[in-house]
Amino acid sequence: MTWSEMQPLLSQACWDTLYMVGWSTLIAVVAGLPLGVLLVLTDRGGLLQNIVANKVLGQLVNIARSMPFIILMVALMSFTRWVTGTTIGRDAAIVPLAIGAIPFFARLVETAVREVDGGLVEAVQAMGGNTWTVVRKVLVPESLPSLIAGTTTTIVALIGYSAMAGTVGAGGLGDIAIRYGYQRFETQLMWITVAILAVVISLIQFAGDFAARALHRRGGRGGPAPRLRLLKAKEPAAADATRPGAAPADAAPADAAPGEAAPAEVSKVG
């Protein structure tokens with residue numbers, strides 16, 4: 001097979017792979033992020049402690065993660081046909097890809113959120129913040145570098161899943177490697193497909209690592225954390241000012257001359 005014959009096949013296969021991985025990643029992040037946060041909140045000592053709900057969610061996530069992707073695709077064929085109207089093609093492949101990636105990403109989110117300093121959560125609660133405020137202002141921003149790293153890992157895993165999906169007619173680079181490289185003995189095309197997958201994965205991993213390191217260098221687990229630490233540091237000073245015997249803020253200095261009033265009192269007399 002010549003390059004002019006391989007080029008249109010590879011171009012369409014690359015687009016199909018990016019299409020499947022892009023949509024399944026979006027669905028996995030949208031569904032997996034709240035699921036991972038909920039696993040932390042409902043755990044023992046969490047803000048929404050519910051041991052029964054936490055165990056049920058944890059078992060569902062574990063069962064979904066333990067199932068090999070090939071078996072998951074076969075098991076979800078009826079559901080895929082109900083959602084997309086077909087079990088073949090890139091649109092049909094998005095359904096098992098997304099369902100397989102949601103529990104995977106949820107566990108990565110759970111691990112990232114558990115690393116957040118509990119003192120920041122207590123500071124927000126002391127200032128009257130509710131659970132939604134804690135999640136929005138502390139848990140997600142503080143764990144953002146780890147979340148980006150987890151998203152990168154999920155994308156890399158989905159590229160591998162999409163290659164396996166090609167074995168059942170989903171399209172993409174995996175389909176090209178199976179149909180041409182394996183069944184028609186086009187070894188050159190198969191190795192070109194492998195090289196393309198390696199380059200794509202390397203670029204995605206590099207971009208994800210760069211973004212995570214950039215956030216770490218900015219201190220950036222989001223921005224609210226430094227302000228929360230400052231507020232926590234000010235709390236002891238405010239407590240000292242309310243102790244018995246503490247001088248009021250507008251009191252005159254101890255070495256002031258008799259009859260010399262504080263600036264605030266002079267303005268009142270005038």
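Structural remarks
- Given (1) modelled with pLDDT under 85; (2) in contact with an Asp or Glu (Cβ under 8 Å, 6 or more places away or on another chain); (3) assigned to a helix (DSSP H, G or I); (4) crowded, with 19+ Cβ neighbours inside 10 Å, number of the condition Thr167 does not satisfy: (4)
- Residues in the range 170-206 that are crowded, with 18+ Cβ neighbours inside 10 Å, small (Gly, Ala, Ser) and on the phi < 0 side of the Ramachandran plot: Ala170, Gly174, Ala177, Gly181.
- Criterion applied to Trp23, Trp15, Trp3 was being within 24 Å of the chain's Cα centre (by Cα) and under 30 Å from Gly181 (Cβ atoms), and the one residue passing it is Trp23.
- Pairs are defined by a Cβ separation below 9 Å, a sequence spacing of at least 6 or placement on different chains, a first member in the range 137-149 that is open to solvent by 40 Å² or more (accessible area, probe 1.4 Å), and a second member that is among the basic types (Lys, Arg); the pairs so defined are Leu144/Arg221.
- Across the range 109-125, the qualifying residues are those that are crowded, with 20+ Cβ neighbours inside 10 Å and under 14 Å from the mean Cα position of the chain (by Cα), and the one among them that is modelled with the lowest pLDDT is Val116.
- Condition check for Gln49: open to solvent by 70 Å² or more (accessible area, probe 1.4 Å) and part of a helix (DSSP H, G or I): no
- Just one of the numbered conditions (1) within 20 Å of Gly174 (Cα to Cα); (2) part of a helix (DSSP H, G or I); (3) not small (Gly, Ala, Ser) is not true of Trp82: (1).
- Candidate set: the range 20-46, residues that are free of Cβ contacts under 8 Å to residues at least 24 places away in the same chain and under 30 Å from Gly89 (Cβ atoms); chosen: the one least open to solvent (accessible area, probe 1.4 Å): Gly22
- Long-range neighbours under 6 Å by Cβ, at least six apart or interchain, first residue small (Gly, Ala, Ser) within the range 47-69, second open to solvent by less than 100 Å² (accessible area, probe 1.4 Å): Ala53/Thr42; Ala64/Pro103
- Some residue of the range 86-93 being without any contact (Cβ under 8 Å) to a residue 60 or more places away in the chain, out of contact with any Ser or Thr (no Cβ under 6 Å at 6 or more places or on another chain), open to solvent by 20 Å² or more (accessible area, probe 1.4 Å) and outside any helix (DSSP H, G or I): yes
The values are calculated or read from the model by the stated rules, or taken from the named source; none is laboratory data. Just so it is clear, the structure is predicted and the values come from calculations on it, not from any experiment. Don't worry about glycine lacking a Cβ; one is built from the backbone with ideal geometry, like all the others, and counts go over all protein chains shown. Please note that ligands, DNA and RNA were not included when accessible areas were found on the heavy atoms of the full protein model with its side chains. Shrake-Rupley method; radii C 1.70, N 1.55, O 1.52, S 1.80 Å.
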